[in-house]
Each structure stands twice: as structure tokens, then as C-alpha cells.
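J.: Here it is, the structure in full.
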Amino acid sequence: MRKFSPFLYFIIFLFLGACNHTPLDIDEEPFVLSDEERWMEYICSPSRMGRKAGTAGCDSVAVYIQHVLEGMNYDVVTQPFMIKDSLDLKNLYVVIKGYSDSLIVIGAHYDGAKNGKRFPAADDNGSGVVSLLSLCKYYSQSDHKPPKTLIAGFWGAEEVTAGAAFNGSKYFVKSFEDIKLIKYYCNLDCFARKGVGTFFYYSHGLQWVGSIMADLFTKVNLEGMEFSVKENDKKSSDYMSFYNAKIPYFGWNDYSNSSFIHSSDDTINNISFEQITAVVDLTTKLIDRL
Ligand SMILES: [Zn+2]
């Protein structure tokens with residue numbers, strides 16, 4: 001084999017280097033959004049206009065959720081309902097078949113703040129919607145079948161009217177035929193605010209579920225994050241619709257968000273996608289033990 005001089009190799013090296021790396025892209029890292037980041041970007045985009053229930057911005061998010069779920073090969077059930085005799089709204093849900101017909105419903109509301117201001121509502125409740133889509137993705141991509149059958153529900157109009165409303169989940173509970181099969185409800189609402197911890201809450205009587213979760217905290221990588229467990233002492237989200245039907249519940253929440261949600265600070269920049277990943281991981285592991 002003919003030998004080239006080291007000088008020629010050097011020239012070729014310089015030439016290839018110049019072809020691949022123009023001075024312009026020296027500092028550019030390849031940047032790819034995860035599915036969860038992409039979904040959050042869509043849900044919180046200014047053109048969604050804060051997703052107030054009954055607006056085009058909110059409707060387009062329902063269409064988007066359906067599109068994403070169908071892309072995962074789920075059959076999406078659309079459940080229309082009406083409030084105040086004028087607002088046409090809907091829930092969406094999919095069924096993830098488990099080994100038994102007993103059900104765990106996992107829900108997240110997709111509408112945004114009721115005051116109608118165009119806040120991104122990333123934590124309330126982009127965090128829940130994105131996590132629930134992520135959980136659906138997990139089951140669609142693996143052969144892992146949960147012990148109980150799961151219903152992943154995307155609720156409309158949680159935020160409508162002052163005080164406790166929870167319209168979509170309330171309608172689901174009222175109209176679902178096999179209500180007796182529902183053993184637990186898991187609520188995903190406001191739990192990914194960056195810089196504050198996340199807690200797992202459970203309804204009275206489910207202390208044993210809290211103990212399982214505390215054990216799972218030791219089995220999942222929660223480095224740099226603060227997670228804890230406690231019995232619920234609020235009445236502030238869709239779990240109330242299930243509680244009123246005597247269905248035990250659990251879910252996730254930020255340690256502190258009262259001045260943050262329904263404000264212009266609730267943006268993607270204040271979301272921790274690590275917390276979202278951890279919550280999805282912990283929730284699927286908990287489902288395996290129920
Ligand atoms: Zn909420």
C-alpha cells in the first residue's frame with residue numbers, strides 16, 4: 001500500500017474538519033426535545049390562549065391529546081358533556097387492559113385557569129396532562145401489563161365556576177356504568193413546579209398505599225428532588241368527584257403553589273421535567289403493587 005506523507009494526512013484532516021465544523025456551529029449543541037417537552041410546548045403555546053374551558057384554545061388541546069393518543073394506537077373515547085346549558089365540553093379517555101377487570105382511574109384536567117387570562121398554565125395542569133400522556137406512552141411501548149385495568153382520563157372544565165367545580169371528572173363518575181369496578185382514583189394536578197418539593201397524598205384509609213410509596217422513593221432515582229408522603233387534607237381537585245362517590249384516591253401535588261398557580265409565573269421555565277419523569281415512574285411502580 002502506497003504511503004502518504006504525514007503532511008498530506010494533516011492537510012486532509014484540516015479539510016475534513018473545515019467541512020464538518022464551520023466556525024458558526026462550534027458552540028451549537030444538538031438540541032432535541034423529549035416527547036414530554038414537545039407536548040408541554042404545544043399545550044402552553046400562546047395560541048392555546050390559556051385553555052379556558054369552552055374556548056377554541058382549550059378545544060384544540062383536546063384534539064391534540066386525541067391525536068397523540070391515537071399515535072400510540074389507543075382507541076380514544078370521547079365523552080361530551082354540557083355545563084350551564086351552554087358550554088359544550090368533553091372528557092377523553094383510553095383503557096389500558098390489565099390482568100383483572102378491576103379498575104384504577106388516573107386523571108388530569110386539561111383546561112386552564114378560569115379567570116380567562118392567557119396564562120400558560122404549565123403546572124396547572126400541563127404537568128398532569130403531560131405525565132398522563134407519558135404514562136400512556138409507557139404502556140403502549142412495553143409488554144408490561146398492569147395488574148388492574150387502567151383508565152387514563154383527560155378531564156374538561158375542572159376550573160369552571162368559583163370554588164369546587166371539577167365538572168369533567170364529576171360527569172365521568174356520574175355517567176360511568178361500571179363504577180363499582182373502580183377501586184382507586186389517581187389524580188395528576190399541579191406537581192412539577194421547579195424548586196419546590198412534590199408530595200404524594202392519599203385519602204383517609206389508604207395509609208398502606210402511602211407506605212408503599214415511601215418504600216418506592218428508595219427505589220427510584222430522586223437525586224436533587226424532594227419527595228414526601230402525607231394524608232390529604234384538602235378538597236381542591238378532581239379527586240373530590242371520586243371521593244364523593246366513596247372511591248379512595250391518591251395523587252401528587254406541589255409543596256407550595258398557592259401564589260403561583262393561576263398566575264403569569266406558571267410557565268414552562270418553572271417546570272421540572274425531572275419531577276414529571278419521577279412521578280410517572282413512581283406511579284407505574286405503585287400501580288404494579290395495587
Ligand atoms: Zn389544576
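We did not get these values from a lab; they are worked out from the coordinates using the rules stated. Worth saying up front: this structure is predicted, and the values here are computed from it rather than measured. Glycine also receives a Cβ, built like all others from the backbone with ideal geometry; neighbour counts cover every protein chain displayed.
J.: What ranking do 198, 277 get, fewest neighbouring Cβ atoms within 10 angstrom at the top?
T.: 277, 198
J.: While we're on this one: For 280, 76, 105, 220, what ranking results if the residue with the fewest other Cβ atoms within 10 Å of its Cβ goes first?
T.: Fewest-to-most Cβ neighbours within 10 Å comes out as 220, 76, 280, 105.
J.: Kindly list the residues of the range 186-212 that lie in the label zone of residue 290, defined by a backbone N under 20 Å from the point 7 Å along the Cα-to-C-beta vector.
T.: Residues 186-192, 198-212 fall inside that zone.
J.: Using θ = phi - 60° and the Karplus relation 6.51 cos²θ - 1.76 cosθ + 1.60, list the HN-Hα couplings for the range 91-96 in order, rounded to whole Hz, with x at every Gly or Pro.
T.: 9, 10, 8, 10, 10, 10
J.: Could you work out how far the C-alpha centroid of the range 239-290 sits from that of the range 146-209, in angstrom?
T.: The two parts, judged by their Cα centres, are 9 Å apart.
J.: Given 10 °C and 1.306 mPa s, compute D for the chain with the Stokes-Einstein relation, Rh being the Kirkwood radius over Cα pairs; round to the nearest whole µm²/s.
T.: In µm²/s, the coefficient is 78.
J.: Quick one: which residues, 5+ away or cross-chain, put their amide H under 5 Å from the amide H of residue 83? H built at 1.01 Å from N.
T.: 89
J.: So, one more: So for the pair residue 244, residue 45, with labels modelled 7 Å out along Cα→Cβ, what separation do we get in nm?
T.: So the two model labels end up 3.5 nm from each other.
J.: For the chain, the longest stretch holding no chymotrypsin sites (Phe, Trp or Tyr not before Pro) located in a DSSP loop with at most 15 other Cβ atoms within 10 Å is which?
T.: Maximal segment without exposed cleavage sites: 100-254.
J.: Now for a different question. Please rank 38, 193, 118, fewest neighbouring Cβ atoms within 10 Å first, as an exposure proxy.
T.: Listing 38, 193, 118 from fewest to most nearby Cβ atoms yields 38, 118, 193.
J.: In whole angstrom, how long is each semi-axis of the equivalent ellipsoid of the range 60-122, when you take the square root of 5 times every eigenvalue of its Cα gyration tensor and sort them from largest down?
T.: 26, 15, 13
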